[in-house]
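Asks: Dropping a structure here in structure tokens format, bear with me for questions.
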Amino acid sequence: MHLNTLTIDVEIEKIIYELQNNKKKKVDFIRNGSKCKVILKTKEPICCSTFGEYKHLATFTLRDEYMTLAIGKITKIQQF
């Protein structure tokens, strides 16, 4: 995950839902080009804020090697 200047490994812990025709649908995997809500887990605490608090510090990209997999925003933060 790339969050501003931070680069850290994350794990998709759970897929909450995928948006299909403006309806929330439970899925087992995410298709290319779809919008979804997931829970990401880091191995260590990071400094970030939610999109509602400060938009510029709450956007991230998920990358693998040189390929961008996803672009997202942080909507909720869980404490360790």
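Asks: Any idea what the dipole of the chain comes to, in debye rounded to 20, about its Cα centre with Lys/Arg Cβ at +1 and Asp/Glu Cβ at -1? Spell out each step's value before the answer.
Replies: Numbers: 14 positive and 9 negative charges, 113 e Å.
In debye, rounded to 20, the chain gives about 540.
Asks: Before I look further, what does the chain give for accessible area per residue, probe 1.4 Å, in whole square angstrom?
Replies: That works out to 87 Å² for each residue.
Asks: Where the only charges are on Cβ atoms (+1 Lys, Arg; -1 Asp, Glu), what is the dipole of region 11-56 about its Cα centre, to the nearest 20 debye? Mind dumping the intermediate values first?
Replies: On the way: 11 positive and 6 negative charges, 66 e Å.
It works out to roughly 320 debye.
Asks: What is the count of Lys pairs in the chain whose alpha carbons sit under 17 Å apart, if the two are 8 or more places apart or on different chains?
Replies: 25
Asks: Hey, another quick one. Considering only Asn32, Tyr66, Pro45, whose Cα is most displaced toward the positive end of the charge dipole of the chain, charges sitting on Cβ of Lys, Arg (+1) and Asp, Glu (-1)?
Replies: So the residue furthest toward the plus end is Asn32.
Asks: Report in % the part of the accessible area of the chain that belongs to carbon and sulfur, leaving out ligands and nucleic acids; probe 1.4 Å. Each step should come with its number before you reach the end.
Replies: Values: 3520 of 6970 Å².
That fraction is 51 percent.
Asks: Something else about it: Can you pull the accessible area of His56 for me, 1.4 Å probe, Å² to the nearest 10?
Replies: Probe radius 1.4 Å; accessible area of His56 about 140 Å².
Asks: Considering the values (1) 19, 45, 29, 6, 0; (2) 20, 50, 26, 3; (3) 16, 50, 31, 3, which represents P(r) over Cα pairs in 10 Å bins from 0, in percent as calculated for the structure under consideration?
Replies: (3)
Asks: Would you please give the FRET efficiency between Gln78 and Asp28, computed as 1/(1 + (r/R0)^6) with r the Cβ-Cβ distance and R0 = 25 Å, to the nearest 0.05? Mind showing how you got there, number by number?
Replies: Numbers: r = 23 Å, r/R0 = 0.91.
Efficiency computed from Cβ-Cβ geometry: 0.65.
The values are calculated or read from the model by the stated rules, or taken from the named source; none is laboratory data. This one's a predicted model, so the numbers in the text were calculated from it and none came from an experiment. Quick reminder, even Gly has a Cβ in these numbers, built from the backbone with ideal geometry, and neighbours come from all protein chains shown. With ligands, DNA and RNA removed, areas are computed over all heavy atoms of the protein, side chains included. Shrake-Rupley method; radii C 1.70, N 1.55, O 1.52, S 1.80 Å.
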